[in-house]
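*Asks:* Got a structure here, written out as structure tokens. Questions coming.
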Amino acid sequence: MTVRHKIQPERFSNLQQLINEHFASTGFPEWGLYITVPRHLAKEKIAYQFNAGPKTADKLLDDMWGDCEDNTVLICSMYEALNLKTATVTVHNDNGQSHILPLVSHPNYPIEKVCDYLTFYYHQVHEFDNPPIAVEETVSGAMVVVGSTMTEYVGDIQSLINQGYAYRSSNSWQWTNKTNFELINT
């Protein structure tokens, strides 16, 4: 599955301004909101429904429904508009089902700082008690696993473990069967 050709960051050219205007009073740093808000918007506003082939971000917003490929296109489009580094990973479970997920990293902050922020944010906003943040080591550096339709929060690996796309390994986790990694860089 490749979604690179469907990514449309230009569709979200005003997203940075909107996040700054609507979330400035929260007290969270804007760079952190750039990581959490797009995924939240996609999960809350887009209904999940399987379809064949990825839609463009425009088509998904017109329809207001889509599957994991479509949500990955939407989330990566928003992240790219915010100048964040994105990638996708395709994984399979033992039942033969596949899932595509967006990954994200911030070019100006180390992954440890991003993970600390996410843990703090989800504890403050959703009262999650120190949620583990899943990080994928990639050829271009460490990136947070965003998830899309199956996860509760940015960095949530437990939902993917529950669906059989990943499993616990010692003090860490592993993909059940990763078949593709694609750095976006639009």
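Values quoted throughout were computed directly from the atomic coordinates according to the rules given, and no laboratory measurement underlies them. Just so it is clear, the model here is predicted, and its values are computed rather than measured. Note that each Cβ is placed from the backbone with ideal geometry, even for glycine, and that neighbours are counted across all protein chains shown.
*Asks:* Could you pull out every one of the aspartates and glutamates with an alpha carbon less than 17 Å from that of residue 43, ignoring same-chain neighbours closer than 8 positions?
*Replies:* Here the aspartates and glutamates satisfying the reach criterion relative to residue 43 are 58, 62, 63, 67, 69, 70, 152, 156.
*Asks:* Label points 7 Å out from Cα along the Cβ direction at residue 176 and residue 45: separation in nm?
*Replies:* Each label point is offset 7 Å from its Cα along the Cβ direction, giving 3.1 nm.
*Asks:* What does the net charge come to around residue 14 if you take all other residues with beta carbon closer than 15 Å to its beta carbon, with K and R at +1 and D and E at -1?
*Replies:* Once positives and negatives cancel, what remains is -4.
*Asks:* Mind checking the dipole of the range 4-183: about its Cα centre, +1 per Lys or Arg Cβ, -1 per Asp or Glu Cβ, Debye to the nearest 20?
*Replies:* For the range 4-183, the charge dipole is close to 260 debye.
*Asks:* At 0.36 nm per residue, and after removing the present C-alpha to C-alpha distance, how many nm does the segment from residue 20 to residue 124 gain when stretched out fully?
*Replies:* Length gained, residue 20 through residue 124: 35.5 nm.
*Asks:* Once each part is reduced to its C-alpha centroid, what is the distance from the range 39-65 to the range 84-125 in angstrom?
*Replies:* Measuring centre to centre over Cα atoms gives 19 Å.
*Asks:* Pairs of alpha-carbon atoms within less than 8 angstrom and 6+ residues apart define the contacts here; what relative contact order does the range 4-183 have, in percent?
*Replies:* 21 percent
*Asks:* What are the principal axis extents of the Cα atoms in the range 4-183, in Å, biggest first?
*Replies:* 45, 37, 30
*Asks:* Provide the FRET efficiency to the nearest 0.05 for the residue 62-residue 158 pair, computing r from the beta carbons and using R0 = 30 Å.
*Replies:* 0.35
*Asks:* Working only with C-alpha atoms, what are the Rg and Dmax values of the range 1-95, expressed in angstrom?
*Replies:* 13.8, 45
*Asks:* Sorted by mean Cβ packing within 10 Å, highest first, what order do the peptides 95-104, 75-84 take?
*Replies:* 75-84, 95-104
*Asks:* Then there is this: Under a Cβ-Cβ cut-off of 14 Å, what is the net charge of the residues other than residue 174 that fall near it, where Lys and Arg count +1 and Asp and Glu count -1?
*Replies:* Taking every Cβ under 14 Å from that of residue 174, the sum is -1.
*Asks:* To continue, here is another question. So who's got an amide H within less than 5 Å of the one on residue 8, skipping anything under 5 residues away but keeping other chains? H placed 1.01 Å off N, in plane.
*Replies:* Residues meeting the amide H criterion: 57, 77.
*Asks:* What lysines could a cross-link reach from residue 45, if we take a straight Cα to Cα line under 20 Å and drop same-chain neighbours fewer than 8 places away?
*Replies:* Partners within reach: 6, 55, 59.
*Asks:* How are the C-alpha pair distances of the range 94-179 spread across 10 Å bins, as whole percents from the shortest bin up?
*Replies:* Final binned percentages: 17, 50, 29, 4.
*Asks:* If packing is taken as the mean number of other Cβ atoms within 10 Å per residue, what is the order of 135-144, 31-40, highest first?
*Replies:* My ranking of the peptides, most packed first, is 31-40, 135-144.
*Asks:* So what J values fall out for the range 154-161 if you push phi through Karplus, 6.51 cos²θ - 1.76 cosθ + 1.60 with θ = phi - 60°, rounded to Hz, Gly and Pro as x?
*Replies:* Each residue of the range 154-161 in turn: 5, x, 6, 9, 4, 4, 6, 5 Hz.
*Asks:* Using +1 at the C-beta of Lys and Arg and -1 at the C-beta of Asp and Glu, which of 175, 46, 139 has the Cα lying farthest in the positive direction of the dipole of the chain?
*Replies:* 139
*Asks:* Turning to a different aspect of this structure: Which residue, 126, 3, 110, has the largest displacement toward the positive end of the dipole of the chain when charges sit on each Cβ (Lys, Arg +1; Asp, Glu -1)?
*Replies:* In the chain, that residue is 3.
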